[in-house]
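The values are calculated or read from the model by the stated rules, or taken from the named source; none is laboratory data. None of the values given here were measured: they were computed from a predicted structure. FYI the Cβ positions are ideal-geometry reconstructions off the backbone, even for glycines, and counts take in every protein chain you see.
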Amino acid sequence: MASISVRTIDAATAVKAAQAAEEKAKEIGIAVCIAVYDSSSQLKAYLRMDGAPMLARDIAEDKAHTSASFRSPTHGLFDWISKDPPLMAGITQYPRFIVFGGGYPIVEDGELIGSIGISGGHYSQDMECCKAGLAAIGCGAE
């Protein structure tokens, strides 16, 4: 029988990333939703700060899903699709596809183990919070 082993983020690490991102959000004065996904793009940890916009919940999850799916930060995807009209016309029809900042893959030893998505501030603020979450667990922002 053929099988593969898949590495994934554990719950304690996912929570640690979310809590560090929350602290950064407090520091810069915004209320956000934070979604941490495992390597299978399933929700592993979620945190909604008091006062975070309701729509931010879905957007945070979609950012995490997109960054895991493409193993790329969401802010880099617009440049990729904008130069290819057929791709842009097609992929933007997918309702969970996000092309602005605030979603990052979580990579350990070159392998995708999860992703983090944050929404609630301007996308540049969401990116700051993601980077704080990644730094707290010893992962850099790709």
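Checked against (1) more than 13 Å from the chain's Cα centre (by Cα); (2) modelled with pLDDT under 95; (3) on the phi > 0 side of the Ramachandran plot, ALA2 passes all but condition (3). Taking first residues from region 78-93 that are under 19 Å from SER67 (Cβ atoms) and partners that are of a type outside the set (A, V, I, L, M, F, W, C), the Cβ contacts under 7 Å between residues at least 6 apart in sequence or on separate chains come to MET88/SER82.
Going by what's in this entry, would PRO73 be described as exposed (fewer than 14 other Cβ atoms within 10 Å of the Cβ) and either in contact with an Asp or Glu (Cβ under 9 Å, 6 or more places away or on another chain) or in contact (Cβ under 8 Å) with a residue 12 or more places away in the chain (or both)? The answer is no for PRO73. Considering only residues in region 27-59 that are in contact with a strand residue (DSSP E or B) (Cβ under 6 Å, 6 or more places away or on another chain) and part of a loop (DSSP other than H, G, I, E, B), the one that is nearest to GLN125 (Cα to Cα) turns out to be VAL32. If the condition is being more than 21 Å from ILE116 (Cα to Cα) and of a type in the set (S, T, N, Q), then region 66-91 contributes only SER82. Answer yes or no: is there a residue in region 118-138 that is in a loop (DSSP other than H, G, I, E, B), small (Gly, Ala, Ser), over 25 Å from ASP10 (Cβ atoms) and without any contact (Cβ under 8 Å) to a residue 24 or more places away in the chain. Taking every residue of region 118-138 in turn, none turns out to be in a loop (DSSP other than H, G, I, E, B), small (Gly, Ala, Ser), over 25 Å from ASP10 (Cβ atoms) and without any contact (Cβ under 8 Å) to a residue 24 or more places away in the chain.
Would you point out the residue of region 42-84, among those that are of a type in the set (Ser, Thr, Tyr) and more than 18 Å from ALA141 (Cα to Cα), that is nearest to the chain's Cα centre (by Cα)?
Result: TYR46.
Being in contact (Cβ under 8 Å) with a residue 12 or more places away in the chain, part of a helix (DSSP H, G or I) and over 20 Å from ALA135 (Cβ atoms) is a property that holds for THR66. Restricting region 5-40 to residues that are small (Gly, Ala, Ser) and surrounded by fewer than 18 Cβ atoms within 10 Å (Cβ to Cβ) leaves a set whose member that is modelled with the lowest pLDDT is SER5.
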